[in-house]
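See structure below.
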Amino acid sequence: MRIGVISDIHANLSALDAVLAHAPALDVIWCLGDIVGYGPQPEEVIQRLQTLRHAAVAGNHDWAVLGRLSIADFNPDAAAAVRWTAARLSASARGYLQALPQRRIEDAFTLVHGSPRNPLWEYLLSVPGATASFGHFTTPWCLVGHTHIPSLFIQRDKGRVEAAYAPPDFHLPLDPSQRCILNPGSVGQPRDGDPRAAYLIIDTDRAVATWHRVPYDIGATQELMNRYRLPKRLITRLAEGR
Ligand code: ZN
């Protein structure tokens with residue numbers, strides 16, 4: 001089975017479509033949340049996902065748009081985008097977001113947005129946080145998003161955890177005795193200095209995970225954001241990948 005793992009689309013349809021075109025012959029897509037927020041096409045992104053065979057979990061932006069999380073903890077630009085998105089979504093799109101669980105188990109993988117310890121909010125950026133996380137899922141592997149950084153954490157002997165950035169085309173053999181936490185990076189707002197959309201393919205027949213980057217029409221997304229008067233910083237950062 002070929003699984004496309006995507007996260008943090010953030011209402012960037014141009015980036016999502018570039019990923020889908022770049023990753024043909026997928027059997028299923030797993031989406032790790034933050035489907036909306038920041039970007040200009042929340043409704044269209046949800047509609048696109050609904051045309052695909054996929055399983056998704058909720059992110060903090062998805063919940064904020066529904067009013068299930070306070071935007072008091074968001075920075076002003078993110079909060080403005082949440083308010084803009086909330087005013088724009090159809091009842092059907094809201095219903096789709098409402099139904100997303102915080103965690104799901106698919107085959108040998110646990111899917112969450114932030115971390116298995118705190119699915120909506122925790123950022124897994126460091127070895128201590130990742131080390132604690134390994135006690136909060138029971139499958140061999142866990143998939144997370146939220147940081148917008150393609151990365152992985154491997155649990156070695158005696159629980160020692162190693163962290164690594166996952167560069168484009170990086171391959172990780174999947175051995176069930178080697179527990180890992182994998183982050184595909186962000187489709188719609190990468191933050192590792194590379195503005196290209198990021199995603200991960202898991203090939204269960206070959207037992208390998210491969211990180212990918214794909215260019216997309218950043219200008220098209222920025223033009224829509226300008227038209228809708230979304231915060232300037234959210235527009236410029238797309239070209240910087242930060
Ligand atoms: Zn995000």
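With a cut-off of 11 Å between beta carbons, the residues surrounding N183 carry a summed charge of -2, where Lys and Arg count +1 and Asp and Glu -1. Computed over neighbours whose Cβ is under 13 Å from that of T139, the net charge equals +1, Lys and Arg +1, Asp and Glu -1. Using only side-chain charges placed at the Cβ, +1 for Lys and Arg and -1 for Asp and Glu, the dipole size of the range 3-128 relative to its Cα centre rounds to 300 debye. Exposure proxy for F170, F134: other Cβ atoms within 10 Å of each Cβ, ordered fewest to most, give F170, F134. Taking 7 Å steps out from each Cα toward its Cβ at R2 and A91 produces label points 4.0 nm apart.
Evaluate the charge dipole of the chain about its Cα centre and quote only its size in Debye, nearest 20, assuming +1 on the Cβ of each Lys and Arg and -1 on the Cβ of each Asp and Glu.
Values: 24 positive and 23 negative charges, 107 e Å.
Charge dipole of the chain: 520 debye, to the nearest 20.
Ordering P167, H148, C180 by Cα displacement along the dipole of the chain toward the positive end leaves H148 in first place; charges were set at the Cβ atoms of Lys, Arg (+1) and Asp, Glu (-1).
Here, each number is a calculation from the coordinates, and none is a lab measurement. The structure presented is a predicted model; accordingly, all values stated were derived computationally and were not measured. Neighbour counts are summed over all protein chains in view; Cβ atoms, including those assigned to glycine, are modelled from backbone coordinates with ideal geometry.
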